[in-house]
1. Of the heavy-atom accessible surface of the range A:321-414 (probe 1.4 angstrom), what whole percent is carbon and sulfur?
2. About its Cα centre, what dipole magnitude does the range A:42-304 give when the only charges are +1 on Lys and Arg Cβ and -1 on Asp and Glu Cβ, stated in debye to the nearest 20?
3. Any chance you could check the range A:245-283 for residues losing 40 Å² or more of accessible area when the partner protein chains are in, compared with the chain on its own (1.4 Å probe)?
4. Among A:Leu258, A:Gly270, A:His232, whose Cα sits farthest toward the positive end of the charge dipole of the range A:42-304 (+1 at Cβ of Lys/Arg, -1 at Cβ of Asp/Glu, about the Cα centre)?
5. Based on the Cβ-Cβ distance from A:Lys99 to B:Lys162, what FRET efficiency comes out when R0 is 56 Å, to the nearest 0.05?
6. Among B:His409, B:Pro395, B:Ala330, flag the residue with its Cα farthest along the positive direction of the charge dipole of the range B:283-418, charges on Cβ as +1 for Lys/Arg and -1 for Asp/Glu.
7. Excluding A:Glu297 itself, what net charge comes from residues whose Cβ is under 15 Å from its Cβ, given Lys and Arg +1 and Asp and Glu -1?
8. Calculate, for the range A:321-414, the solvent-accessible area per residue in square angstrom, rolling a 1.4 angstrom probe over the heavy atoms of the protein chains.
2 protein chains.
Amino acid sequence: MGGTEGANAANGTSGVSNGGANFRSSPYQPVGDFLSNVGSFKIIESTLREGEQFANAYFDTETKIKIAKALDAFGVDYIELTSPAASEQSRRDCEAICKLGLKAKILTHVRCDMRDAKLAVETGVDGLDVVIGTSSFLREHSHGKDMAYIEKTAIEVIEYIKSKGLEVRFSSEDSFRSDLVDLLSLYRAVDKVGVNRVGIADTVGCATPRQVYDLVRTLRGVVSCDIETHFHNDTGCSIANAYCALEAGATHIDTSVLGIGERNGITPLGGLLARMVVTSPEYVKNKYKLHMLKEIEDMVAEAVEVNTPFNNPITGFCAFTHKAGIHAKAILNNPSTYEILNPADFGLTRYVHFASRLTGWNAVKTRVGQLGLEMTDEQVKEVTAKIKALADVRPIAIDDADSIIRGFHLSLHKQDGPAPPVEVRNGEPVELSNGQ
Amino acid sequence: MGGTEGANAANGTSGVSNGGANFRSSPYQPVGDFLSNVGSFKIIESTLREGEQFANAYFDTETKIKIAKALDAFGVDYIELTSPAASEQSRRDCEAICKLGLKAKILTHVRCDMRDAKLAVETGVDGLDVVIGTSSFLREHSHGKDMAYIEKTAIEVIEYIKSKGLEVRFSSEDSFRSDLVDLLSLYRAVDKVGVNRVGIADTVGCATPRQVYDLVRTLRGVVSCDIETHFHNDTGCSIANAYCALEAGATHIDTSVLGIGERNGITPLGGLLARMVVTSPEYVKNKYKLHMLKEIEDMVAEAVEVNTPFNNPITGFCAFTHKAGIHAKAILNNPSTYEILNPADFGLTRYVHFASRLTGWNAVKTRVGQLGLEMTDEQVKEVTAKIKALADVRPIAIDDADSIIRGFHLSLHKQDGPAPPVEVRNGEPVELSNGQ
């Protein structure tokens, strides 16, 4: 596989799927941009490498195989595994996953070191992701090597891996705190010896979106191979940085399920796809089995013993819950008013909240219909006021609101005089006699 | 207060605190940029407005007051409250918070409607955040008004609020799906009648960082008043979008604690400060009581009955945990190698993981020292291999690793022959006789 193939193919199709139907009315819809790969990116899924560096992660062989199979079925392009040099079991697991015959290519992530590379080649992987620190911080405090030594070693390791017929990526670590000229010289040198991808890594999570765009765009002019990017999430920008990298011509994005990794992790698979499905709906929906996302996230969350964050993109419990009155009213008219993502694309459903002090009568009207009751708009407004009055006093559940609606409806069909007082017993409204 | 004052003062100081010591080695350090406000932004904290639209939020008066006082002590510039038109209790709570005499200015968020504005003015707030939907989606499916009507009503409402001596912001809703020319015409018109701030709102969470930069930068050339921005997080870009807005000249950012709000919420207060403290350390550390962050997040998490996400910026349980061998080694030499945030700034501590198959001997060496034991490097490497061997078989806890270290250390001080077998009892290693 030639190093330039991916980049060119990717660039050629980039403008086409930008935007899509959701953006017709936006003056800021991206125009055709031949640099951008937002409509043609590839995912290197690193839950079984970066994710294993998450504080709570301990994946036994069975769990690794289950996760690898699920990611493969989901449609990721690559699955990256922990270096076989990390431990004997890591080596054996790497071999076992290579033997599964998955569609996704299997990579392992190794230090820029001939011993590690040889060990990795023998496991049967499709490619090696080679990494070395290039920032002054890491050169001083980690491996202690200078740039000339790094370049020489990199070329040796790359040529060895290529001689074995495998794919090879060469990445710096902490790229955004490395000297730009050193970095570009190094990438140019490895591009010349035929590396498949060069990698930009925001190892400490310091990069900002426009920095990312500038660096990747500069690099795009220096190398002809593919460009992979890896963003940590310490400052909450990992999804946006990945997006800007694609806009600037990057071809591959590293992800992990729920973003697990060192510290608070990297670009999450689900979050990246939330971003990309809005920009490039056809590409994302045709390529990835989006309805599997929740199942895969649940599998990994269970394996590392965490809860899916309440505000997780797409699968957070309230990602499609609408509460304020004006939101609920518009959503009921047309979901596109307050939803850029369609929950059905992920096998999920929308929920319009109608049991709070912020409830509007349009949401209550819909609920009245769901309960099979009939009321005029004036009556719905009256019962909405009752729901809001109770919600002003204490938190109320759907059952409470339903009871008020049913009780009010009951009272409408009593002749003469004011509605009798209603109390909730066993979740059902019960009419009280005056004596009680 | 003049509308232009904030913008000019903010712009004037912007280049100064950009970057800081952390970035000295980066070629991508922002150079002096007179458009940027990354070193002089203001926070409009909307936990008590946007946050109240979160599915699980029910704040009683006492809780609202507690949160408002904590945010004020933390140092936010503004506290935004639910519209008094939402419910009678909302109105009373608004009055109660205005009477607390906080340093932060109190705002309430109202529809662009004279009745709502009048109700709000009577509560004693310092200012009103006025909002109306301007996208074709909202104009068609929500309020059904045209742009001429919107502009006329906006000017009436703004002039009324100003006549009462209060601050006023005018914002569109769903700005990124609104017609650009309509939007700019409207903002120019309200700027002319002396609005204090105009607001850009990504109501559906569709905006991308470079779109945000372009729109805010364009707007910066059209109005002389301050620019407030509000970003939903549906596609995981709310922090990055806020950052890019500041780079383009925005002056105010809307946040909520843990990002709570409609659907999966908006720019989180903690996440925004994680981003900004890296870029503008002096400004952020001098202005905000960062060590209060965890306490405030815990308070809100408890009030809305959610857990702090495992990967929350700064306060996620593993945000400062280092696990992989090469990371741990470098961190022990110099924390800046793999940390862009200093946990001490937030009253938190770093943790180097030394109980996994990815453990390196440098982390174990540090632990040996913490346990008050003495070993040569060769001995540390030997005990590291034992820890990794056990971690290859099952997940191990700190206690397990400590037991292995202590047991190994014990064996070193036995004369002759191999180390006796060691078993863990009550958390302490116990040497076994051969008979057991």
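1. Numbers: 2020 of 3990 Å².
Carbon with sulfur: 51 percent of the solvent-accessible area.
2. On the way: 32 positive and 40 negative charges, 119 e Å.
Rounded to the nearest 20 debye, it is 580 debye.
3. SASA drop of 40 Å² or more in the range A:245-283: A:Glu262, A:Arg263, A:Asn264, A:Arg275.
4. It is A:Gly270, whose Cα lies furthest towards the positive end.
5. Working: r = 73 Å, r/R0 = 1.31.
Step by step, r from the Cβ atoms, then E = 0.15.
6. Of the listed residues, the answer is B:Ala330.
7. -2
8. Values: 3990 Å² over 94 residues.
It amounts to 42 Å² per residue over the range A:321-414.
The values are calculated or read from the model by the stated rules, or taken from the named source; none is laboratory data. No experiment lies behind these values; they were computed from the predicted model shown. Using ideal geometry, Cβ is built from the backbone for each residue, glycine included, and neighbour counts are taken over all protein chains shown. The area values use the complete protein model at the heavy-atom level, side chains included, leaving out ligands, DNA and RNA. Shrake-Rupley method; radii C 1.70, N 1.55, O 1.52, S 1.80 Å.
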